[in-house]
Amino acid sequence: MSHTTEWKTRTYLFEEDGTTKVRVELDTGTSRLTGHGTARCNPADKDVPEIGDELAAARALEDLAAQLKQTAHRDMAAVGAGPRPASLKPYGVWMDGADVG
């Protein structure tokens, strides 16, 4: 079964007084989700707006990803195919040289 679709995202960045806030909106055509992220510059650090943008955007995308995963889990449960228990193995199956087995 082939399936092609387009999901649209919009990313909004707001920066004021060393604080960056990001809102990422996802429109799947059937639902909409919004992720939020914030980054604050330590007053002792040099203010580099790009770093705040990157951190806040990453946090907003992580928030959005968590919401999308929750939605998928609910949809799986609705069709009788519940999610598998979360693995404790990190992505890439490595962790600072420790044997994760």
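In nanometres, what is the gap between the two model label sites at Met76 and Arg32, each 7 Å from Cα along Cα-to-Cβ?
Going by the 7 Å Cα→Cβ label model, 2.8 nm.
Find, among the GluC sites (Glu not before Pro) in the range 1-88, those assigned to loop by DSSP (not H, G, I, E, B) with at most 11 other beta-carbon atoms within 10 angstrom. Walk me through the numbers before you get to the answer.
Numbers: sites: Glu6, Glu15, Glu16, Glu25, Glu50, Glu54, Glu62; in loops: Glu6.
For GluC sites (Glu not before Pro) across the range 1-88 that sit outside H, G, I, E and B with at most 11 neighbouring Cβ atoms in 10 Å, the list reads Glu6.
Gly18: net charge of surrounding residues, Cβ under 13 Å, Lys/Arg +1, Asp/Glu -1, itself excluded?
Values: positive: Lys21, Arg40, Lys46; negative: Glu15, Glu16, Asp17, Asp45, Asp47, Asp53.
Result for the neighbourhood of Gly18: -3.
Could you give each residue of the range 46-51 its phi-based ³J(HN,Hα) in whole Hz, using Karplus coefficients 6.51, -1.76, 1.60 with θ = phi - 60°, and x for Gly or Pro?
Ordered by residue, 3J(HN,Hα) equals 5, 7, 10, x, 4, 5 Hz.
Give me the three principal axis extents of the range 8-81 from the C-alpha atoms, as integers in angstrom, largest value leading.
Per principal axis, max minus min of the Cα coordinates gives 53, 21, 13 Å.
Between Lys46 and Ala58, with labels modelled 7 Å along Cα→Cβ, what's the label distance in nm to one decimal, could you check?
Between Lys46 and Ala58, the label points sit 1.9 nm apart.
Could you size up the charge dipole of the range 8-81 around its Cα centre, putting +1 on the beta carbon of Lys and Arg and -1 on that of Asp and Glu, and report it in debye to the nearest 20?
Working: 10 positive and 13 negative charges, 89 e Å.
Using Cβ point charges on Lys, Arg, Asp and Glu, the range 8-81 gives about 420 debye.
The numbers here are math on the coordinates, done by the rules we state, and not lab data. It should be emphasised that the depicted structure is a prediction, and the values quoted were computed from it without experimental measurement. Every residue, glycine among them, receives a Cβ derived from its backbone with ideal geometry; neighbour counts consider all protein chains shown.
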